[in-house]
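What follows is a set of notes on a single structure, which appears directly below.
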Amino acid sequence: MDLDTDVLVIGGGMAGLAAGIRSQERGANTTLIRKGQSATSYSSGAIDVSGYLPGGSQQLLSAREGIEAITSLYPLHPYSILGFGSADNDDVPGLAIERVGQAVEWLTKHLKSTPAQLYGGIDSNLEGITLVGTKKPTALLQQTIWPGEFAVDDEGVMLFLGIKGVSDLNPKIASKTFLDNQARTGEPPHKVGNASLDIAPFGHGYNLSTTNIARWLDREENLVTFIEQVKKKAEQFGATYVALPPILGLEENLKNQKALQEATGASVFELLAFPPSVPSFRLQRGLERVFIEKGGHLLIGHEAEPCGIESSKITEVLARSPRRKVEITTRSVVLASGKYIGGGLAATVEGLRETVFGLMTVTDEFRESGKTRPQRLTNVVSLSPESHSLFGCGLSVDQFLRPVNPDGDATAENLFAAGSILAGYSYAMEKCGLGVALATGHYAGETAAANATGGGV
Amino acid sequence: MSKTDYDVIVIGGGSTGTAVVRDSAMRGLKTLLLERDDIASATVGTCAGMISSGFKYYNEPEFMDMCTDEVMHLRKIARHIVMKLPILFPVLDFSEISSGGVSKGMEEYAKRVERRGVPPFLILAPEVALELEPMLHPDVVASGYIEEFFIDPFRLSVLQAMDAKKHGADVYTYSEVTDLTVVEKEGIGVSYHNRLTGQIETVKGKVVINAAGPWAHKIAKLAGANLDLRLTKGSHIILDRRIVNVGITTRAVDRRWVYMYPHENTTLIGTTDLPTWENPDELVASHDEIEYLFKSFEWIVPSVREARIIRTMVGVRPMIPTWKVPEDEVSRSFEVVDHEPQGVSGLISFTGGKLVVCRRMAQDAVDLACEKLGKGLDCRTHIEPLPGMEGDVDILGLSEEHSISQHALERMRIRRGTEVQEILNLVREYPEWRSSMCTCEPVIEAEIRYAIRNEFPHTLNDLRRRLRLGTGPCQGTFCTFKAAAILAEELELNGEDYQLEIMDFLSERWKGKRPPMRGEQLAQEELVQGVYACVANLDQTMNELDYDLKPWEEVS
């Protein structure tokens, strides 16, 4: 089978879908191939843009503040690259903030009134409360994960409400951790409670996942009993905030949240959860729906066949699924194939490589990493703000996000890269994974479309 | 006798130390075990669990006899944690079978098969070997076939300690001996640092039995005694699945024997053997050791590099101090060292030994202790069963009765035998505790609670040793925060200690995961960072809380 497209996007996570949607919006006929589940569907579903500076320990008050600092301190960070613009641009931070801000607003608009509806922006970081009771800074949270503002003199009670048989949340321990952290930082609320609901959905009382419960709550007939139980517990504790695992629905979470808040008078919200999480499924689905609505072609289960880059332009990519081969003729390519989870980067003991085009890979310090043993790119301490060089490895790109060769020139004039395949940042440490993916994807989509329809960047 | 006076104080809670405390307590002696960390937290926790026939020790027929006896004892007293595995010795050249003492080994092995209840030594035609193990190289010309028994070394040690407690012994973990003071005619005063309270405490033992393994020479020195040990580093690599059906043994690049065993739901490949003087706590596997093992197996199992390496593990063997001979010529037997000739009359140490003879080592040492105490008490450790041996466990019936998968119950049974029933009693009261916490090893919440309440773990790593929690392909990615919460709940830890518990566990896993980091393991590690750094924000917690760097993290 043959297929002709203006823009081919390889990879179906946040970066690929943002690129695909944007490219389609810009009038380019866009095809997206995806081999499996994206790392985005293995995320928490929160759009974090900039929570900490690389290696830093000071929580950033806003993504804007973060991008400003990053663009002046780390000239090859993806945010800095977004700020380069044309040769006469002398305000890198300004352009970077503008581009990230636009992408954030654009996504917020697209996801409005969908299950993945967002709250927040780049002017102020929010804190998502996690299943273990810790907090994570993020620019945006899904609406149903946002706990609401805490007043400085908040006298409210935060009730951690678990569900028997759902092992993700241990409400007793999460509430303790939350309270300990609040005491350490002096932030409200200072009162917590914990309890568990016994709802046994579909007749099961154990080995339940948050997805099971979310599906159960998507059915209207189950909501009434659930609300009653939550209400009872909320009243018992005088709760002003009710923290649940992310279970409010894959589809009906906004409606369900509203109904629960009306019934309890409390702010009822979901805790930020570990991958794979219900909110990440909502986000993934939401993005795919927008892409398809805009007329994009989504090819699921198709993997780009590895190939070398022979000339200055990529005109054809072979996509393979278990049952067929598709020869795709294209005018622009966006490579958003992710890092190690996504499969965009792979490593043997000899070194790192980019898996589709065999592009040059670099370390977080932009040294070639094709011959570096991965273990050498790790630190002896597993979890620390120093992170690991390994997770900052990826592609080095020019100001149009085109991967460069060892000479610093674009490897192909119509190949653009976006998302976690880019080098120069550790998303897990900086808390900026989906933010970088969104902003670079958005920009790569625009550039790829312009290149395909207008000819040249 | 005061509360802090003991007949026998045992130092070290490995397989030998726990065997000693059990033996001593069963003979009615007032006994204390002091372990600086947790039960089975060092050498024995890094072994493959083989209770060997002694095939490789054909030059020591008496030791082979002892191994055979001990295998039979262990099968009698701990049947529930013993399993049998066929082992192939495939060769690409017939000369490998006739050289290097293999025929002598076959001969000695054959003499003992009847007693061990296994088939005679067989040489299989290539097609038979390939049918048993399709992963073998197609050019294999023949294959030796033996059968060996394995035991869960963690469970063995914990059960020995539990049984000792049942017989009245005191077992203190996280108690690190700091000083030994010889008191003429009275015994030895033992000071230890209680790592849980931070206090230094003192007890007195008429006899002190030093079962500190690779630290035994340091313990002896505290009493002014001298103990020579030949210490060697042994590393394993662990693959994410069972890539073979049966065990395989072959000659390594340097002609040593190395092996590959399907182990629980993983594959173990080991071992190396390097003289070491490093602090055992700081050791990690080296690149050379990993490549040594791969290279050695590539000839026989060509696909060995295709599986994902999930981790490495490193242990230090305390061998008999025979010097200037190759490792495989050092006797694998053991010595019970009486320090009396050195003027330290109450101190007994070990050198050498293997897992298979841990019970016998204990018997010999406690015999000597009894002699010193002037008491003629008989050993009963080979007769009395360990906990969990009270009968058969009806997996099918229990699975139906409690709606727990047969798989999960069978896995529980091989850890616990008849104790399964007590865990299921908890489930009756708390039906939601049937949930699996660790999905790689289907460990249910009830078993975690049971282990915390009955088997004195203080940390998540202690729980891992008792439950295999977090030891599967994901190495704790999805169970660490859940199991830590249960531990925190049961031990009433505060929120900060809960977070530190997660960090400590991940640090320990990372120690083994880091050296072989390559291939698909990178995706797994990205996920770990995604869960614990990106979402839980625990990389920042490291700075805010009192995280103590681990010994191997302090080494630059």
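What is the ratio of the Cα radius of gyration of segment B:407-554 to 2.2 N^0.38 Å, where N is its residue count, to two decimals?
Numbers: Rg = 15.7 Å, N = 148, 2.2 N^0.38 = 14.7 Å.
Rg over 2.2 N^0.38 Å, computed on Cα atoms: 1.07.
Tilt of helix A:14-25 relative to the longest C-alpha principal axis of chain A, in degrees (0 to 90, nearest 10)?
70
For chain B, just give the cysteines left without a disulfide-compatible partner, judged by no other Cys Cβ under 4.7 Å.
B:47, B:67, B:358, B:370, B:379, B:440, B:474, B:534
Could you tell me, in Å, what Rg and Dmax come out for the Cα atoms of segment B:162-268?
For segment B:162-268, the Cα radius of gyration and maximum Cα-Cα distance read 20.5, 58 Å.
Where in segment A:173-195 does the label zone of residue A:152 land, with the point 7 angstrom along Cα→C-beta and an amide N cut-off under 13 Å?
A:187-188
May I ask for the angle, rounded to the nearest 10°, between helix A:253-264 and the longest principal axis of chain A, with both axes built from Cα atoms and the value confined to 0 to 90°?
20
Contour minus end-to-end for residue B:392 and residue B:79, with contour as 0.36 nm per residue of separation and end-to-end as the Cα-Cα distance?
Values: separation 313, 0.36 × 313 = 112.68 nm, distance 1.04 nm.
Separation in residues times 0.36 nm, less the Cα-Cα distance, equals 111.6 nm.
Net charge within 12 Å of residue B:182 by Cβ-Cβ distance, Lys/Arg positive one each and Asp/Glu negative one each, not counting residue B:182 itself?
Numbers: positive: B:185, B:204, B:206; negative: B:179, B:184, B:186, B:340.
Counting the neighbours of residue B:182, the net charge comes to -1.
Projected onto the charge dipole of chain A (+1 at Lys/Arg Cβ, -1 at Asp/Glu Cβ, origin at the Cα centre), which of A:250, A:229, A:190 gives the Cα projection farthest towards the positive end?
Going by the Cα projections, it comes out as A:229.
Where does the charge balance sit around residue B:424 when Lys and Arg score +1, Asp and Glu -1, over other residues with C-beta under 13 Å from its C-beta?
On the way: positive: B:413, B:416, B:428, B:434, B:449; negative: B:394, B:400, B:401, B:419, B:422, B:429, B:445, B:447.
Here the charged neighbours net out to -3.
Excluding residue B:61 itself, calculate the net charge of residues whose Cβ lies under 11 Å from the Cβ of residue B:61, where each Lys or Arg counts +1 and each Asp or Glu counts -1. Before the final figure, lay out the partial values.
Details: positive: B:104, B:111, B:112; negative: B:60, B:62, B:65, B:107, B:108.
Charge balance in the 11 Å sphere: -2.
For the pairs A:313/A:431; B:185/B:221; B:30/B:233; B:3/B:221; A:35/A:294; A:135/A:172, note any where the Cα-Cα span goes beyond 24 Å. If you can, show how the numbers build up before the last one.
Working: A:313/A:431 35 Å; B:185/B:221 20 Å; B:30/B:233 35 Å; B:3/B:221 26 Å; A:35/A:294 21 Å; A:135/A:172 16 Å.
Exceeds cut-off: A:313/A:431; B:30/B:233; B:3/B:221.
Loop only by DSSP, 12 or fewer other Cβ within 10 Å of the Cβ. Give me the trypsin sites (Lys or Arg not before Pro) in segment B:287-328 that pass, ordered by residue number.
Numbers: sites: B:295, B:305, B:308, B:311, B:324; in loops: B:308, B:324.
Here the trypsin sites (Lys or Arg not before Pro) that fit, given the DSSP loop and packing criteria, are B:324.
Which of the three applies to segment A:398-457, rounded, prolate or oblate, going by the alpha-carbon gyration tensor with a ≥ b ≥ c and a/c under 1.5 meaning rounded? Walk me through the numbers before you get to the answer.
Working: a/c = 3.83, a/b = 1.48, b/c = 2.58.
Oblate.
Averaging sequence separations of C-alpha pairs under 8 Å and six or more residues apart, then dividing by the length of chain A, give the relative contact order as a whole percent. Walk me through the intermediate numbers first.
On the way: 1131 pairs, mean separation 110.9, N = 457.
Rounded, it is 24 percent for chain A.
Fully extended, how many nm does the chain gain between residue B:114 and residue B:94 (0.36 nm per residue separation, minus their Cα-Cα distance)?
Values: separation 20, 0.36 × 20 = 7.20 nm, distance 2.69 nm.
Extra length from residue B:114 to residue B:94 when fully extended: 4.5 nm.
With angles folded into 0 to 90 degrees, how steeply does helix A:63-73 sit against the dominant principal axis of chain A? Use alpha carbons for both and round to 10.
40
Based on the Kirkwood radius over alpha-carbon pairs, what is the Stokes-Einstein translational diffusion coefficient of segment A:99-224 at 25 °C with 0.890 mPa s viscosity, in µm²/s? Provide the component values of the computation, followed by the final result.
Values: Rh = 16.6 Å.
D = 148 µm²/s.
In whole Å, what is the distance between the alpha-carbon centres of segment B:352-398 and segment B:474-511?
33
Would you mind classifying segment A:1-100 by shape? Square roots of the alpha carbon gyration tensor eigenvalues, ordered a ≥ b ≥ c; an a/c under 1.5 is rounded, otherwise it is prolate if a/b is larger than b/c and oblate if not.
Numbers: a/c = 2.95, a/b = 1.54, b/c = 1.92.
The shape class here is oblate.
Taking the alpha-carbon centroid of each part, what is the distance from segment A:103-169 to segment A:1-65 in angstrom?
Taking the Cα centre of segment A:1-65 as reference, the centre of segment A:103-169 is 20 Å away.
Pairs A:325/A:371; B:166/B:513; A:136/B:511; A:112/A:164; B:76/B:324: which are spaced more than 29 Å apart, C-alpha to C-alpha? Provide the component values of the computation, followed by the final result.
Details: A:325/A:371 32 Å; B:166/B:513 37 Å; A:136/B:511 26 Å; A:112/A:164 32 Å; B:76/B:324 39 Å.
In this structure, A:325/A:371; B:166/B:513; A:112/A:164; B:76/B:324 lie more than 29 Å apart at Cα.
Give the cross-link partners of residue A:339 among the aspartates and glutamates, using a straight C-alpha distance below 18 Å as the criterion and excluding same-chain residues fewer than 8 apart.
A:48, A:303, A:305, A:350, A:354, A:364, A:365, A:368, A:430, B:520, B:525, B:526
Pick out, in residue order, every one of the GluC sites (Glu not before Pro) in segment B:308-392 that is DSSP loop and has at most 12 other C-beta atoms within 10 Å; say none if there are none. It would help to have the intermediate numbers written out before the result.
On the way: sites: B:327, B:329, B:335, B:371, B:390; in loops: B:390.
Passing sites in segment B:308-392 are B:390.
When you have a sec, figure out the Kirkwood radius of chain A from all distinct Cα pair distances and drop it here in Å to one decimal? The partial results should precede the final answer.
Values: mean 1/r = 0.0441 Å⁻¹.
After inverting the mean inverse Cα-Cα distance, the result is 22.7 Å.
Could I have the simple spin-label model distance between residue A:309 and residue B:226, label points 7 Å from Cα toward Cβ, reported in nm to one decimal?
Going from the residue A:309 label point to the residue B:226 one covers 7.0 nm.
On the accessible surface of segment A:131-273, probed at 1.4 Å, how many percent belong to carbon and sulfur atoms?
Working: 2620 of 5340 Å².
Here it works out to 49 percent.
Considering every Cα-Cα pair within the protein assembly as shown, what fraction, in whole percent, is farther apart than 58 Å?
Details: 85638 of 512578 pairs.
That tail contains 17 percent of the Cα-Cα pairs.
To the nearest 0.05, how large is the calculated FRET efficiency for residue A:236 and residue A:204 if R₀ is 25 Å and r is the Cβ-Cβ distance? Display every interim value, and only then the final one.
On the way: r = 25 Å, r/R0 = 1.01.
Efficiency computed from Cβ-Cβ geometry: 0.50.
How would you classify chain B from its alpha-carbon gyration tensor, with a ≥ b ≥ c the square roots of the eigenvalues: rounded for a/c under 1.5, else prolate if a/b is greater than b/c, otherwise oblate?
Working: a/c = 1.39, a/b = 1.07, b/c = 1.30.
Rounded, since a/c falls under 1.5.
How high is the relative contact order of segment B:56-168, given as a whole-number percent (alpha carbon pairs under 8 Å, six or more residues apart)?
Normalised by residue count, the contact order of segment B:56-168 is 35 percent.
Over segment B:407-554, what is the relative contact order in whole percent, taking alpha-carbon pairs under 8 Å and six or more residues apart?
Values: 131 pairs, mean separation 24.6, N = 148.
Computed over segment B:407-554, the figure is 17 percent.
If you take the beta carbon distance between residue A:184 and residue A:258 as r and set R0 to 30 Å, what does 1/(1 + (r/R0)^6) give as a FRET efficiency, to the nearest 0.05?
Details: r = 34 Å, r/R0 = 1.12.
Approximately 0.35, to the nearest 0.05.
The values are calculated or read from the model by the stated rules, or taken from the named source; none is laboratory data. Just so it is clear, the structure is predicted and the values come from calculations on it, not from any experiment. Neighbour counts run over all protein chains shown; Cβ positions are idealised from the backbone, glycine included. The accessibility values were calculated without ligands, DNA or RNA, using every heavy atom of the protein model including side chains. Shrake-Rupley method; radii C 1.70, N 1.55, O 1.52, S 1.80 Å.
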